[in-house]
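The values are calculated or read from the model by the stated rules, or taken from the named source; none is laboratory data. Here the structure is a predicted model, which means the values were calculated and not measured. For neighbour counting, all protein chains shown are included, and Cβ atoms are generated from backbone atoms with ideal geometry for every residue, glycine included.
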Amino acid sequence: MRGLTMADEILRVEDLHVSVDETPILNGMSLTINRGEIHVIMGRNGAGKSTLASVVMGHPAYEITQGTIHYMGTNIEEMSVFERARAGMFLSFQYPAVIPGVQVGTFLKKSVQSVRDEPLKGREFRKELNGAMQALEMEKSVLSRYVNDGFSGGEKKRLEILQMLLLKPTLALLDETDSGLDIDALRIVAKGINSVAPQAGCLIITHYQRLLDHVQPHFVHVMIDGTVVETGGPELAIKLEEQGYDWLETTAEA
Amino acid sequence: MSDEAREAVGDYQFGFHDPENATIRFDKGLSEQVVRDISALKDEPEWMTDIRVKAYHHFMDREMPDWGNCGELNNIDFDNVTYFLRSSDATEKDWDDVPDDIKNTFDRLGIPEAEQKWLGGVTAQYESEAVYHSIREDLEAQGVLFLDMDSGLKEHPEIVKQYFGTVIPYSDNKFSALNTAVWSGGSFIYVPKGVHVEMPVQAYFRINAQNMGQFERTLIIADEGSSIHYVEGCTAPTYSTDSLHSAVVELIAMKGAKIRYSTIQNWSANVYNLVTKRGVAHENATVEWVDGNIGSKLTMKYPAVLLKGEGAHAEVISVAYAGAGQHQDAGAKVHHLAPNTTSSILSKSISKNGGRSSYRGMLQVTPKSHGCRSKIVCDALMLDNDSRSDTYPTMEIGNSTADLEHEASVSKVSSDQLFYLMSRGFSEEEAMGLIVNGFFEPFTRELPMEYAVELNKLLELEMEGSIG
């Protein structure tokens, strides 16, 4: 294997088994994402999709009982959540937490500062922020609101994407970012993903094919019972949209 | 600092102390003679000496409160307190004339710098008396009186005599009696009719000596249609033995006047902070207490407002932070004594590392006071399972037209919030700091910006090194 190839591998999940309170959720999950690749994971509720995203990000409630996660060639088992964030990993939450009393503007600046090595210059940051907000068609007034406090579903998702644009992750995990979005918001969110994707590895968890009208995945994986049962190209998402998951279940049981 | 003291207080940044260079120091302990000596030393009029002596006897006869943290209260050794200590022979108008040690202390606390930037006047009290005092010339020209209380009594005895003890008589409680007996220092402010003091004026109280008792007395009178914002801060060195701070603050807002009184109390964790604060609001007047309790070993303080005139308004916004070994027993009291009066109380508390915070509130509406409105919100945030938070609300509603709202909540920092913030690059401590600052935000936004920034930094420091 050439050095270049090594550097291009962003995430490698191998034979991952994960439990919460001794209930197994992931059962031998494997997945490799290289730079510039967009991977989509689909599957029914409870298949373990969100767990995969959380465990890759380092959520302390999940216990890895077997298998490994490598990020940029390093086993990250011992890294805490914030160390992963500082190393370039990002998770767009399905249900982002509300932080009362903390203004979005302050939060964004502190967050970006904690992830970047070099000191943040006020004017440059504001310029960058303005640009990103314009791209996402966000109102300036969002900055003085409290983080996710009283936000609609769509507003929350847009704020997640704004953070992704500012944090410029190397690995972007997007957990049902498209849920609850209207067509316009979906288009805007897709624009955000497409601007980050070429320099990063992207993992998109979704229930719907419609996001994929705007974002071109390289791989589509189907998860059932905590493992990948089928991998294909964009055509797999269309087939799932039309036929559901039953046909895969029989394959899995066979 | 001894190891024991270090353990008790953590990393309190104002815990340094100067050598004690007292020019006059009374022996420890309290007697009628001590009270008379303080009065004689200050060359006070006889009526003040008389009040002091009466107050002293009331203090001696009065039982310790049987509520609040009585266990801690009964630990106070009144015989081991220094009741008067003079560290400088004069109250200077120029920082350069203040003794070097003391000036350096206030420099470290950032007072002269703040004064230059954004304050209308400053009084700096060190131990028992003010060592520095100044007011902007334009305020003086408008007839605003801003003096330390001792000078106030000397220069304006008729005003002091008229109002002293009218809002909080010495017989109000044991500690108001103690304060009245041995008071020294504090601020005296009179704002003439229609004058608006635009820049806040500040008092800073510093205890330096060990086993010191500080008993400042503040009286603020805002005449008709005037307004003023008074800010006080306080710190003390960290010792393994206790000090006592027992102030009395009386506010009088005449018809249509507005007084805002903001406090950031950050005593070291060896200080008993037992303070009586009460304001009177006459017709259409407003009294606001913005009260932050971060430090001390035990604080018992319930800023009160007597709404005496029709249309008067009271506002009490308070926060309390109780860390290891601390009990913040704070709250608010509002008495609706006239029709169509309104009040709003917001209390927020945080308990951490076994600290205890209590909200103690009193809301009274008298029978003749129709059309009153009041809203009370109490929020408590617990940062761990070892800490404690309690609420003791009392309501006496004598008029059925009163419109009252009361909300209370106790919450914990959720693991979802922590995971979210940490996934954005914040360490666990930074995440806690952010959540805590956000929780106190409704309070900090009421502070002058410089204070808000300071308070946020302070809270972030409190979050450091404390998460296992």
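All but one of (1) under 23 Å from B:Gln125 (Cβ atoms); (2) in contact with a strand residue (DSSP E or B) (Cβ under 9 Å, 6 or more places away or on another chain); (3) modelled with pLDDT of 95 or more hold for B:Glu140; which doesn't?
Going through (1) under 23 Å from B:Gln125 (Cβ atoms); (2) in contact with a strand residue (DSSP E or B) (Cβ under 9 Å, 6 or more places away or on another chain); (3) modelled with pLDDT of 95 or more one by one, B:Glu140 breaks only (3).
Inspect all residues belonging to region A:170-184 and state whether any of them is buried (at least 19 other Cβ atoms within 10 Å of the Cβ) and in a helix (DSSP H, G or I).
No, every residue in region A:170-184 fails to be buried (at least 19 other Cβ atoms within 10 Å of the Cβ) and in a helix (DSSP H, G or I).
Can we say A:Glu155 is more than 9 Å from every other protein chain (Cβ to nearest Cβ), without any contact (Cβ under 8 Å) to a residue 40 or more places away in the chain and surrounded by fewer than 19 Cβ atoms within 10 Å (Cβ to Cβ)?
Yes: the conditions hold for A:Glu155.
Listed residues B:Arg445, B:Arg424; which is modelled with pLDDT of 95 or more and within 11 Å of chain A (Cβ to nearest Cβ)?
B:Arg424
Residue-by-condition table, conditions (1) among the polar types (S, T, N, Q); (2) crowded, with 21+ Cβ neighbours inside 10 Å:
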site: B:Leu73; (1), (2): no, no
site: B:Phe78; (1), (2): no, no
site: B:Gln116; (1), (2): yes, no
site: B:Gln125; (1), (2): yes, yes
site: B:Arg136; (1), (2): no, no
site: B:Lys161; (1), (2): no, no
site: B:Gly165; (1), (2): no, no
site: B:Tyr170; (1), (2): no, yes
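I'm trying to understand the selection: among the residues of region B:392-442, which are farther than 28 Å from A:Leu108 by Cα and among the charged types (D, E, K, R)?
If the condition is that a residue be farther than 28 Å from A:Leu108 by Cα and among the charged types (D, E, K, R), then B:Glu396, B:Asp403, B:Glu405, B:Glu407 are the ones that fit.
Against the conditions (1) facing chain B (nearest Cβ under 10 Å); (2) over 22 Å from A:Arg35 (Cβ atoms), where does A:Leu173 fall short? Just the number, please.
Every condition holds for A:Leu173 apart from (2).
Select from region A:170-194 the residues that are more than 25 Å from A:Ile10 (Cα to Cα) and in contact with a helix residue (DSSP H, G or I) (Cβ under 6 Å, 6 or more places away or on another chain) and list them in ascending order.
Scanning region A:170-194 gives A:Gly180, A:Leu181, A:Ala185.
Could you please give the count of residues in region B:163-178 that are farther than 27 Å from B:Val191 by Cα and either in contact with a strand residue (DSSP E or B) (Cβ under 6 Å, 6 or more places away or on another chain) or assigned to a loop (DSSP other than H, G, I, E, B) (or both)?
Adding up the residues that qualify gives 2.
If you check B:Lys412, B:Lys375, which single one turns out to be more than 12 Å from chain A (Cβ to nearest Cβ), surrounded by fewer than 17 Cβ atoms within 10 Å (Cβ to Cβ) and within 30 Å of A:Thr51 (Cα to Cα)?
Answer to the check: B:Lys412.
Could you grab me the full set of residues in region A:198-254 that are buried (at least 16 other Cβ atoms within 10 Å of the Cβ), polar (S, T, N, Q) and not in a strand (DSSP E or B)?
Of everything in region A:198-254, those that are buried (at least 16 other Cβ atoms within 10 Å of the Cβ), polar (S, T, N, Q) and not in a strand (DSSP E or B) turn out to be A:Thr206, A:Gln209.
Residue by residue through region B:1-43, note down the ones that are at pLDDT 80 or above, among the aliphatic types (A, V, I, L, M) and over 21 Å from B:Asp89 (Cα atoms).
B:Leu30
Select from region B:427-442 the residues that are surrounded by fewer than 22 Cβ atoms within 10 Å (Cβ to Cβ) and farther than 9 Å from A:Gly101 by Cβ and write down the one among them that is nearest to the other protein chains (Cβ to nearest Cβ).
This residue is B:Ser427.
Which residues, taken from region B:231-285, are over 18 Å from B:Leu109 (Cα atoms), among the hydroxyl-bearing types (Ser, Thr, Tyr) and in a strand (DSSP E or B)?
Correct list: B:Ser243, B:Tyr261, B:Tyr272, B:Thr276.
Within region A:17-36, restricting attention to residues that are more than 14 Å from every other protein chain (Cβ to nearest Cβ) and more than 12 Å from A:Gly226 (Cβ to Cβ), which residue is surrounded by the fewest Cβ atoms within 10 Å (Cβ to Cβ)?
This residue is A:Glu22.
Restricting to region B:291-321, what's the tally of residues that are in contact (Cβ under 8 Å) with a residue 60 or more places away in the chain and closer than 30 Å to B:Phe78 by Cα?
Final tally of qualifying residues: 10.
Of the conditions (1) more than 30 Å from B:Thr444 (Cβ to Cβ); (2) within 20 Å of the chain's Cα centre (by Cα), A:Ala97 clears all except one; give me its number.
Status for A:Ala97: all satisfied but (1).
Could you grab me the full set of residues in region B:305-332 that are farther than 29 Å from B:Glu462 by Cα and within 16 Å of the chain's Cα centre (by Cα)?
B:Val305
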